[in-house]
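The values are calculated or read from the model by the stated rules, or taken from the named source; none is laboratory data. Since the model is a prediction, treat every value here as computed from it, not as a measurement. As a convention, Cβ positions derive from the backbone with ideal geometry for all residues, glycine included, and neighbour counts pool all protein chains shown. Quick note on the areas: whole protein, heavy atoms, side chains included, nothing else; ligands and nucleic acids left out. Shrake-Rupley method; radii C 1.70, N 1.55, O 1.52, S 1.80 Å.
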Amino acid sequence: MRLFLIRILLAGILLGGALLFFVASVSVPNLNSFDERKIAESTKIYDRTGNILLYDVHGEEKRTVIPFNEIPRSVKNATIAIEDDSFYQHFGFRPFAFLRAVFINILRGSFEQGGSTITQQLAKTTLLTPEKTILRKIKEIIIAFKIERRYSKDEILNFYLNQIPYGSSAYGIEAASESFFSKHAKDLTILESAYLVSLPKAPSYYSPYGKHTKELDGRAQFALKRMKDLGFLSDKEYEDAKNQKVKFAPARSQGIIAPHFVIEVRDELNNKFGEDAVETNGFKVTTTLDTGLQQKAEDVVDKYAESNEKNFNAKNEGVVAVGPKTGDILAMVGSRNYFDTEHEGNFNIATTHRQPGSSFKPFVYATAFKKGYTPETTLFDLPTEFNPLCTPDGQPTAGVDKDKCYHPQNFDNKFRGPVTLREALSQSLNVPSVKTLYLVGIPDSLATARDFGITSLNEPDRYGLTLVLGGGEVSLLELVSAYSVFANDGVRNPYRYILKIEDAVGKIIYEARSQPREVIDKNIARTISNILSDDKARAPSFGEFSALYFTEKQVAAKTGTTNDYRDAWVIGYTPNIAIGAWAGNNDNSPMEKKVAGFIVAPWWHEIMDFATSNATSSVFVPPDPFEPPAGGPKPYLRGEWRGGEEFIIDKISGKLATPYTPPETQEKRVVRKVHSILYWIDQESAQLKNWEGPVRAWALANGLSDQNESVMPTAYDNVHVPENFPKITKLDVSPQKTTYSKSDTVVFRPRIESKFGIVQVDYFANDEYLGGMKTYPFELALLLTRLGEQNYITIKVKAYDSVGNTTEFYTPLIGITR
């Protein structure tokens with residue numbers, strides 16, 4: 001027996017020695033690599049509030065390292081309760097828990113049970129491979145012992161909570177909090193903490209966006225119960241937390257919100273800092289995006305996508321919203337679905353150059369107003385050939401190809417005769433718009449567009465006069481940004497994606513600065529806004545209550561449709577926001593032959609209505625009347641299209657007006673000679689023949705033959721002359737006193753001589769209007785208390801006769817006592 005025990009002892013010594021030799025010979029990573037490890041912190045891109053995470057840039061890991069004191073106690077306690085309830089008592093390894101796990105694994109024939117402490121899990125996730133072998137388990141235990149000797153428990157727990165994966169590419173508690181609850185870890189509730197610490201055991205299985213949400217609920221409740229049992233929660237805290245509900249942030253498609261916008265932001269970051277820095281330096285990027293508006297825009301695009309494709313053969317849509325006062329890009333939808341590869345969803349139509357159709361017209365009309373034309377300036381909307389080498393009816397002359405002739409049509413193939421620039425722009429008439437471009441010039445119109453931020457139009461010879469109908473190419477983003485200048489009274493704020501960038505420790509390393517610059521006179525900007533928001537002016541073309549109309553809101557809007565129906569646009573704005581929408585096909589194939597008012601306007605209206613629902617003010621400042629040019633306004637600039645020689649008559653006498661003729665009896669007339677505006681501006685123009693022919697034919701067909709100077713009177717107004725003016729010979733005042741008291745009532749009665757009869761007498765006290773009398777004897781009874789604290793007054797009497805002659809009479813001062 002004794003020999004047997006000796007043999008057993010020797011065997012134990014040999015086995016223990018062998019085990020010690022084996023452990024000593026196991027190669028484990030140097031713990032210094034744990035000290036020196038640099039946890040790559042991902043760059044996080046947020047919305048404009050800085051709270052909603054749009055995207056986490058770090059390959060497949062999203063991580064933000066935060067100090068231990070910013071991790072809430074509820075997270076620390078819940079983690080210990082559910083993962084390692086003796087964490088603060090052991091030395092990195094729990095033998096009994098390990099043996100229990102080994103026993104269960106033997107029974108089940110797997111390595112499902114780990115029995116690992118928090119320290120072991122930290123070792124495994126930072127220094128070891130994920131393989132499940134006995135050797136790796138031994139290494140894990142050895143490293144855990146070393147970590148425990150070097151670091152405090154709080155340090156180990158801090159490493160762990162900033163390191164482990166929680167699912168949805170979120171590593172560390174801060175990234176998990178932002179991903180699942182759109183908040184910082186320090187703001188987590190007890191119940192939210194319980195849910196998050198439930199995830200690391202099996203992040204995919206317990207994902208709140210997966211199929212096992214009931215199991216997640218159960219594990220979170222288990223975590224709460226363990227916290228209560230361990231004394232981390234009072235009975236009241238436990239009951240309160242147990243009965244609460246959590247609300248997870250919306251699931252991100254592929255971990256991203258507003259993907260087209262985010263891609264643009266990331267490109268801008270890469271250009272600033274380089275890709276490596278963006279992926280590892282832990283920047284916090286606060287962007288300009290309004291997630292509420294972005295979500296609405298995406299929802300509306302999705303809502304109409306199927307019907308747009310079915311009814312109009314439009315397979316893609318895009319939306320951009322910009323804040324005029326800042327240039328902030330508030331929303332960007334580059335396609336109906338970024339992840340729809342069948343429809344090239346990752347193609348960003350918002351930054352792609354497409355023909356804008358008539359939506360380019362406002363920049364040409366703004367150029368016209370800069371040059372002295374007015375909203376009342378009138379052009380003829382008639383069939384017009386704009387190539388001087390072609391005949392007025394659109395036929396080429398010898399040696400000219402027919403396709404070089406250019407005679408645009410209106411969208412409804414109708415012509416309206418004389419129209420003002422206001423009518424032409426608001427109704428989007430093509431012929432007057434091409435004429436306007438010719439009058440103001442292509443270079444100056446392009447210069448205006450560049451001032452507004454449109455940089456892509458650099459081939460004027462290619463565009464020619466088609467420029468005003470969208471012959472060039474612009475992006476939706478640039479166009480919306482340019483329209484925002486009109487919204488902001490002519491002040492441009494370049495569009496921007498980023499508000500500020502902070503480094504990993506919260507230091508601001510970039511902050512956007514406003515760069516406002518006035519690029520056009522505010523009165524011209526206000527005039528364009530006034531025209532584009534004039535529902536009555538556009539009604540003949542779009543209808544009185546079209547999708548461009550808003551009840552109780554003033555919204556300026558312009559449509560655009562290319563001639564071949566490849567692009568349909570609506571750009572609209574208020575003083576606070578500009579929103580543009582586009583529909584078409586990425587491959588440039590045509591849609592059904594419908595104008596933008598049918599294809600785009602209904603869903604653009606829905607987005608604009610949402611965006612302006614809480615606006616404090618949606619009213620444009622009305623423009624001032626245009627100042628006449630030096631030497632007086634020329635008839636054609638004021639809209640007089642019937643002729644170039646004007647005269648003014650007195651409507652009563654029928655003779656030429658004089659300085660004595662009252663304004664209300666004057667009438668401006670013209671010696672009728674109907675010509676195109678080019679006739680009055682530039683009779684040497686090569687275009688004159690083609691402009692004049694249709695206009696002269698139209699005038700003849702409408703009975704508007706030419707007149708000569710014989711229609712002008714030769715005599716001058718002899719009714720409104722001084723000798724015919726009425727005369728007030730006396731003003732009777734009753735009662736007659738030297739001074740009056742405030743309580744007195746004084747009656748005034750004028751004595752008037754007049755050739756044409758008096759129709760009204762007005763009374764004034766110290767130029768304050770008192771009232772008017774229209775029947776004889778034209779007397780006024782005045783209670784002096786009405787005059788307030790005035791002690792002396794002068795009474796003025798103004799009399800009007802039946803033909804508009806007037807006269808005035810003043811009394812002496814009347815003293816008033818209290």
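Things worth noting here:
- Using C-alpha pairs under 8 Å with a sequence gap of at least 6, the mean separation divided by the residue count of the chain gives a relative contact order of 10 percent.
- Accessible surface ranking that places the most exposed of TRP603, TRP698, TRP680 first, with a 1.4 angstrom probe: TRP680, TRP698, TRP603
- For the pair GLU215 and LYS153, a Förster radius of 22 Å applied to the C-beta separation gives a FRET efficiency near 0.10, rounded to the nearest 0.05.
- With the charge dipole of the chain set up from +1 on Lys and Arg Cβ and -1 on Asp and Glu Cβ about the Cα centre, the Cα lying farthest toward the positive end among the listed residues GLY470, GLN736, ILE118 is that of ILE118.
- Extreme residue, positive dipole direction of the chain, given options SER533, ASN614, VAL519 (C-beta unit charges): ASN614
- Stretch gain in nm, segment PHE756-ARG450, where the contour uses 0.36 nm per residue and the Cα spacing is subtracted: 103.9 nm
- Helix axis angle, 522-532 relative to the chain longest principal axis, alpha carbon, degrees: 90
- About its Cα centre, the chain has a charge dipole of approximately 2400 debye under the convention of +1 per Lys or Arg Cβ and -1 per Asp or Glu Cβ, with nothing else charged.
- Within the assembled protein chains, the solvent-accessible surface assigned to VAL197 is about 0 Å², based on a 1.4 Å probe.
- With both labels modelled 7 Å from their Cα along Cα-to-Cβ, the PHE598 to ASN458 distance reads 3.8 nm.
- Given charges at beta-carbon only (K, R positive; D, E negative), |dipole| of segment 381-483 in Debye: 200
- Alpha-carbon centroid distance for the pair segment 306-347 / segment 761-818, whole angstrom: 68
- Computed [θ] at 222 nm, deg cm²/dmol, the chain (DSSP H ≥ 4; -39,500 (n - 2.57); rounded to nearest 500): -10500 deg cm²/dmol
- Distance between the C-alpha centres of segment 158-214 and segment 483-535: 39 Å, rounded to the whole angstrom.
- Among the listed pairs LYS225/LYS245; LYS737/LYS796; LYS402/LYS558; LYS76/LYS137, those beyond 21 Å (Cα-Cα): LYS402/LYS558; LYS76/LYS137
- Net length available on complete extension from LYS742 to LYS402 is 113.6 nm, with 0.36 nm assigned per residue and the Cα-Cα distance removed.
- Separation of the ASN718 and LYS634 label points, Cα + 7 Å toward Cβ, nm: 3.8
- All Cα-Cα separations within the chain were binned at 10 Å from zero, giving a P(r) of 2, 10, 14, 14, 12, 11, 10, 8, 7, 5, 3, 2, 1, 0, 0, 0, each value a whole percent of the pairs.
- For segment 457-564: relative contact order, % (alpha-carbon pairs under 8 angstrom, 6 or more apart): 21
- Full extension of the chain segment joining ASP267 with LYS536 gains 92.4 nm, where the gain is 0.36 nm per residue of separation less the Cα-Cα distance.
- Segment 252-294 and segment 42-95 have Cα centres lying 22 Å from one another.
- Shown here are the Rg and Dmax of the Cα trace of segment 568-722, at 24.9, 78 Å.
- Accessible heavy-atom area order of PHE411, PHE598, PHE756, highest first, probe of 1.4 Å: PHE598, PHE411, PHE756
- A Cβ-based charge dipole, computed about the Cα centre of segment 280-403 with Lys and Arg at +1 and Asp and Glu at -1, lands at about 520 debye.
- Accessible area of SER116 (1.4 Å probe, protein heavy atoms only, ligands and nucleic acids ignored): about 20 Å².
- Point-to-point label distance, ASP587-SER514, nm (Cα→Cβ direction, 7 Å offset): 4.7
- Folded to 0 to 90 degrees: helix 442-451 orientation relative to the chain principal axis, Cα: 50
- Cα-based helix-to-principal-axis angle, 95-108 vs the chain, degrees rounded to 10: 90
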